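The values are calculated or read from the model by the stated rules, or taken from the named source; none is laboratory data. As the structure is a prediction and not an experimental result, all values here were calculated from the model. So basically every Cβ, Gly included, is an ideal-geometry build from the backbone, and we count neighbours across all protein chains shown.
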Ligand SMILES: Cc1ncc(COP(=O)(O)O)c(C=O)c1O
């Protein structure tokens, strides 16, 4: 054991938390007991500190406390160190400030080292930290500053901390969750913690008490450990990173394999679960994008996409694929049309409003028939508007994802065809799930993306449109260099390439998902989605859920469901997620009223039934 050259503090380790965001890893253990490098992270911390001369520990336990007790008593036996346990019985409704106040009773007037139990770090950090002198010291990393969940600190050249918090303005560094206080400051800290709790807020973090100390100019110093390795394990991806940095390659491999066999079931409207064939296609061997291999792949993908849009004659209608999400396709369309075109947007939700926002951003001065979210399109009113006001283009969303409403595309298309007005359709969340019949409908441009009903991974979007309309863009000046639709069209069409580096492997994946749809027949895919939606709606109605819009207006892709009484949106989402099911929170004005359940991608009827069981469990 190394000598305690820097005084022997009492180390408080906070290990009461459930680690909800780490579920299912924390199903049977608190996050402090997650294993990295073959050792639970709490044991690693105790061992490291003990080797540096710390032999007095106070560990705050809560969730699955028996497991922590087992570990600490083994550690005590083997090391001879003293470990006192403090129980936070209210661990699920309190936060670190509450745990700190509980531990304080055992540590007043002592030099205190306060360490979050979800930290894993290299020993050098602790060595430097223990060596640092001062009334109060916080370990910080100036090389990291990101994340809304992370505690940040602000300090000047003298390293004196002037602020701490998650939403701190002008932060200088991230706080590691390792701090040290002299007996006097620690005693004041515990007093402040109790005072804040007495005011009734048990959900605060201990940094709130630190913040008061900062305001009083207590001289809290920041010790910058940037360049050294550490991880705070809050989320599954943090754990994976901790395994990568501190674990063995074998551990990382087996964790990744376990994640694949225990996926989160995505019942959100994109990204979606994809098939093994799509995943395998992603790992196709690398090809150069200026080589014939890519041209062949691009041509096949364009043809197959056209079929999904209902193109019968590739000479009349064609497709263009863009590396970028669905918005890239929408922006390429609107940003490439001739200046001065008169635009009418019909909107009844978030994505309809986005057409207006985009057109305004592009200085196209659109007119909008702005309906209530979830209000059905009034075809008569649209017709009257088109007859009254000279219009060149109507923009609409086919499936309005924010409400789950399927807008009457064929009726609007019949109208625009009759009145000789162009029609731009955002079919980002409907293509692949609902017939579009672009050619029969006479739609000018229709956009889509890979990661919704087509069931591939995110990153590619596409525009299907009249060949003549693509050709007509030749004389217009696009608003964007990258999203110049004519340039994409000409490259796709004449060179069988893309203007810039495409996301090559995503094309392999997209082709695999298109093959799956076309092989089973597009009608079969439509039917699969329809029956999944029907199964989910029946099950949810039986559980007493109410839907935001009547079923006759719903798409077969998504159901917008009212939150049950007494449930707060985030909590409801979190509870379902803990059972393995990811839904979508309501958007915009519906944020606290609804949640959304999509049924696209590789969802099986069995998983839909499991989802219903999970819902039942949550509301009971
Ligand atoms: C109808 C619709 N349009 C556009 C978008 C924007 O797509 P992205 O976020 O992929 O850019 C979405 C996304 O959900 C959508 O549902």
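The set of residues in segment 336-363 that are surrounded by fewer than 20 Cβ atoms within 10 Å (Cβ to Cβ) and in a loop (DSSP other than H, G, I, E, B) comprises 338, 339, 340, 341, 342, 362, 363. The number of residues in segment 413-454 that are crowded, with 24+ Cβ neighbours inside 10 Å, away from the ligand (no atom under 14 Å from the Cβ) and touching a residue at least 60 places away in the same chain (Cβ under 8 Å) comes to 1. Of everything in segment 309-330 that is surrounded by fewer than 24 Cβ atoms within 10 Å (Cβ to Cβ) and assigned to a helix (DSSP H, G or I), the residue that is nearest to the ligand (Cβ to nearest atom) is 327.
Can you pull out every residue in segment 369-409 that is more than 16 Å from the ligand (Cβ to nearest atom) and closer than 30 Å to residue 583 by Cβ? Answer for segment 369-409, where residues must be more than 16 Å from the ligand (Cβ to nearest atom) and closer than 30 Å to residue 583 by Cβ: 370, 372, 375, 376. Condition check for residue 260 on (1) assigned by TED's automatic domain parsing to the domain that holds residue 491; (2) away from the ligand (no atom under 16 Å from the Cβ): one failure, at (1).
If we scan segment 173-187, do we find a residue that is in a helix (DSSP H, G or I), within 21 Å of residue 118 (Cβ to Cβ) and out of contact with any strand residue (DSSP E or B) (no Cβ under 6 Å at 6 or more places or on another chain)? No, that holds for no residue. The residues of segment 372-407 that are surrounded by 17 or more Cβ atoms within 10 Å (Cβ to Cβ) and assigned to a loop (DSSP other than H, G, I, E, B), listed by number, are 373, 374, 377, 391, 398, 401, 402, 403, 404, 407. Tell me, please, whether a residue that is assigned by TED's automatic domain parsing to the domain that holds residue 151, within 22 Å of residue 98 (Cα to Cα) and buried (at least 21 other Cβ atoms within 10 Å of the Cβ) can be found in segment 233-248. Scanning segment 233-248 turns up at least one residue that is assigned by TED's automatic domain parsing to the domain that holds residue 151, within 22 Å of residue 98 (Cα to Cα) and buried (at least 21 other Cβ atoms within 10 Å of the Cβ). Of all residue pairs spaced 6 or more apart or on separate chains, those with beta-carbon atoms under 8 Å, a first member in segment 387-409 that is touching a residue at least 60 places away in the same chain (Cβ under 8 Å) and a second member that is in a helix (DSSP H, G or I) and more than 11 Å from the ligand (Cβ to nearest atom) are 395/334; 395/359; 402/588; 402/590; 403/590; 405/553; 406/553.
Would you point out the residue of segment 105-115, among those that are in contact with a helix residue (DSSP H, G or I) (Cβ under 9 Å, 6 or more places away or on another chain) and surrounded by fewer than 23 Cβ atoms within 10 Å (Cβ to Cβ), that is farthest from residue 34 (Cα to Cα)? Going through the qualifying residues, I end up with 109. Entry remark, segment 488-529: residues being over 31 Å from the mean Cα position of the chain (by Cα) and surrounded by fewer than 20 Cβ atoms within 10 Å (Cβ to Cβ) number 11 in total. Within segment 135-162, the set of residues being under 22 Å from residue 95 (Cβ atoms) and touching a helix residue (DSSP H, G or I) at 6+ places or on another chain (Cβ under 6 Å) comprises 136, 139, 151, 161.
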